[in-house]
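The values are calculated or read from the model by the stated rules, or taken from the named source; none is laboratory data. Quick caveat: nothing in here was measured; it's all calculated off a predicted structure. Ideal geometry is used to build each Cβ from the backbone, glycine not excepted, and the neighbour counts take in all protein chains shown.
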Amino acid sequence: MPALIPTDYRATVTWVGTVPGGDGLRAEAGDALTLGWDGPVGEKHSGRTRASCARVTSQYERGTEIANTRQLSVVCATELAAIAAEMGLDAIKPEWLGATLVIKGIPDFSFVPPAARLQAEDGTCLIVDMNNRPCIFPAKEIEKDHPGIGPKFKPAAKGRRGVTAWVERPGTLKHGDVLRLHIPDQRGWAPTLPLQS
């Protein structure tokens, strides 16, 4: 029995980019995103492993080598527009967020379940790790272009920052590609329910 259910929800890729090496988070727009087993080829966040960060300090001391389930940052155009409106900006550039992909077409995108898949028609497939919580690094990038506005990012982006993801099947993604959402075949966690046999 399959463990993942194909849904009727599909997303269209509207933007692709990569974050070059170095200290900053700012991404650079591109025409296509080549994905290997380690993530986007030549991207700052690629690699089979990574140093643990603030997201997992309850599990590991910062800097511990762990599996890299944050190879990509996928954000939703609709959620970016809502962030921009709340901040009083015309738009939020995906470059400021260090985004890898911008998609449109899946409602409540930042809360698709962990382990969901986003699969392109050619089979290229991403595994959703989890909701990507807002942090101060995009705020710093926004502040460079809009002084005084950067601190508004974190509260405006809560629940709208997209998801982190990693590559299940390599391939290439480009503008206009369609990704179908597949979700795990299980109910939401409910620890107070009696055990089922």
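Of the residues examined, Leu35 is one that is within 20 Å of Gly176 (Cβ to Cβ) and either assigned to a loop (DSSP other than H, G, I, E, B) or more than 14 Å from the chain's Cα centre (by Cα) (or both). Answer yes or no: is there a residue in the stretch 42-54 that is at pLDDT below 95, out of contact with any Phe, Trp or Tyr (no Cβ under 7 Å at 6 or more places or on another chain) and part of a helix (DSSP H, G or I). Yes, that holds for at least one residue. For the stretch 81-116, a residue qualifies if it is in a loop (DSSP other than H, G, I, E, B) and surrounded by 17 or more Cβ atoms within 10 Å (Cβ to Cβ), and the qualifying residues are Leu89, Ile92, Lys93, Gly98, Ala99, Thr100, Gly105, Ile106, Val112, Ala116. Screening the candidates Ile142, Ile183, Ile149, Ile136 for the property of being in contact (Cβ under 8 Å) with a residue 12 or more places away in the chain and more than 21 Å from Gly98 (Cα to Cα) yields one hit, Ile183.
Listed by first and then second residue, the pairs linking a residue in the stretch 16-36 that is in contact (Cβ under 8 Å) with a residue 40 or more places away in the chain to a residue that is aromatic (Phe, Trp, Tyr) and in a strand (DSSP E or B), with Cβ atoms under 9 Å apart and 6 or more places separating them unless they lie on different chains, are Ala29/Trp15.
A single entry from Val56, Val75, Val102, Val13 fulfils the requirement of being of a type in the set (A, V, I, L, M, F, W, C), without any contact (Cβ under 8 Å) to a residue 60 or more places away in the chain and within 28 Å of Gln186 (Cα to Cα): Val56.
The listed residues are Ala157, Ala99, and the only one of them that is touching a Pro at 6+ places or on another chain (Cβ under 7 Å) and modelled with pLDDT of 95 or more turns out to be Ala157. Considering only residues in the stretch 66-80 that are part of a strand (DSSP E or B) and at pLDDT 95 or above, the one that is surrounded by the most Cβ atoms within 10 Å (Cβ to Cβ) turns out to be Leu72. Could you run through the stretch 117-132 and say how many residues are of a type outside the set (D, E, K, R), part of a loop (DSSP other than H, G, I, E, B) and at pLDDT 95 or above? The number of residues fulfilling the criteria is 2. The residue of the stretch 31-51 that is farthest from Thr100 (Cα to Cα), among those that are surrounded by fewer than 17 Cβ atoms within 10 Å (Cβ to Cβ) and not β-branched (Val, Ile, Thr), is Ala51.
Scanning the stretch 10-23 turns up one or more residues that are among the acidic types (Asp, Glu) and either assigned to a loop (DSSP other than H, G, I, E, B) or closer than 15 Å to Thr172 by Cα (or both).
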